[in-house]
C-alpha cells in the first residue's frame, strides 16, 4: 500500500505558498509516497499542476458540522501514515488527531501540542516564513530546505495569457513592468501617488510599459494610481485567474508592488521583484540573501510591538519614493539585455 502524507495549511494564498518548499522536500525524501494537501479555495489552485502533490482536499468554506464530520470521515478513509499541520490552529490540530494517522507533526503551541505525536519548537533565529514552516520537517531528519516557492501554471493558463497579451499589445522590444498597488489590508497599501511616481519614472527613463495587476473588486486601487500618473499605462484586460496571473508574471521583466499575493506569485515565477512592506516584517516575508528579490520597509519604532489600528500607519505611509526607487534602479541594472537596450543611460540611473 502506498504511504500517504497529509499537509495542512488552510489559507491565505501567501501563507499556503509558504509551505511549498517543505512539500517539495517531502517529495524528494519520500518519492514513493502520495502527498495530499488540505486547504481552502482559492489556494487549491496552487497545487493543481504541482508535480509534488497527488491530491488536494478542500476544507469547507463554512463551519457546517455536517460537512466537517464528512471531512473527518474522508481523512480517516485515506489512512495517512503522516500528517504535517503547518497551520497550527486548534481546529487543524484536532483534525490531525482525528485523521487517525499514527504520526502527527505540528508546532508546540498551548492547547494544541497534545494532538500531535511530535510537537516541534519553533526555530530560534529563523525569520523567513517558508524556513519557519520547514522546521517541522526536522523530526524527519530534513534539516536543509531550499526556500524557493512553487506555483505551476497549466497549459490552458499559458493560452489565456497569450490572449491577454493580444488584448493589450505590449511591444516585445520594450521593458514590461508589472505593478500591484492592491491589498485588502490598509497597513499594506502604499499611497497611490507614490506608485504613480515610480511608474512615471519607469516610462520616462526606461521607456517601460506599465502592466497593472488586480483581481475582483480591486480595480479602484489601479484607477487611483492612474489618476496620479502623467504617463499612460497598458490598457485594461480580462481579469485572470491566480494561475493565469502566475503565467502572466513569467512574461514580465520586473514586478513592483505591495506585500501581497501577486508579490509572492512573482517570486514563485522567478521574476525580479521590489516589494514594499508596511506592518508585516520584511524579514518574515521576503526571501533572504537573494539579490533577485529586493524589498523596502520603514520602522517608526513600533514594528516589533505593533499597536495597529491605534496608529497613523506610518510604517507604510512613510516608506519614501526615493527608497523604493533605489531598489528599482538596482534591479534595472541587472535586467536582461532586452531591458538594457531601452534604458536611458544618463546619470539618473
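Numbers below:
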quantity: Odd one out for residue 132 among (1) within 27 Å of residue 210 (Cβ to Cβ); (2) surrounded by fewer than 19 Cβ atoms within 10 Å (Cβ to Cβ); calculated: (1)
quantity: Given (1) surrounded by fewer than 18 Cβ atoms within 10 Å (Cβ to Cβ); (2) modelled with pLDDT of 95 or more, index of the condition residue 143 fails; calculated: (2)
quantity: Spans of helices (runs of 4 or more DSSP H) in the range 78-168 with at least 2 residues farther than 30 Å from residue 292 by Cα; calculated: 90-98
quantity: Among the residues listed as 262, 235, 288, 240, the single one being in a loop (DSSP other than H, G, I, E, B), touching a helix residue (DSSP H, G or I) at 6+ places or on another chain (Cβ under 9 Å), outside the structural domain of residue 45 (by TED's automatic domain parsing) and closer than 28 Å to residue 127 by Cα; calculated: 288
quantity: In the range 5-27, the residues that are in contact with a helix residue (DSSP H, G or I) (Cβ under 9 Å, 6 or more places away or on another chain) and part of a helix (DSSP H, G or I); calculated: 13, 14, 15, 16, 17, 20, 21, 22, 23, 25, 26
quantity: Exclusive hit being at pLDDT 95 or above and either assigned by TED's automatic domain parsing to the domain that holds residue 262 or touching a strand residue (DSSP E or B) at 6+ places or on another chain (Cβ under 8 Å) (or both), set 39, 20; calculated: 39
quantity: Complete set of residues in the range 203-220 that are surrounded by 22 or more Cβ atoms within 10 Å (Cβ to Cβ) and within 20 Å of residue 275 (Cβ to Cβ); calculated: 206, 208, 210, 211, 212, 213
quantity: Of the criteria (1) surrounded by fewer than 19 Cβ atoms within 10 Å (Cβ to Cβ); (2) touching a strand residue (DSSP E or B) at 6+ places or on another chain (Cβ under 8 Å); (3) modelled with pLDDT of 95 or more, which one residue 237 fails; calculated: (2)
quantity: Residue that is surrounded by fewer than 19 Cβ atoms within 10 Å (Cβ to Cβ), more than 23 Å from residue 138 (Cα to Cα) and in contact with a strand residue (DSSP E or B) (Cβ under 9 Å, 6 or more places away or on another chain), where the choices are 98, 58, 75; calculated: 58
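The values are calculated or read from the model by the stated rules, or taken from the named source; none is laboratory data. Small disclaimer: the values here were computed from a predicted structure and weren't measured. Ideal geometry is used to build each Cβ from the backbone, glycine not excepted, and the neighbour counts take in all protein chains shown.
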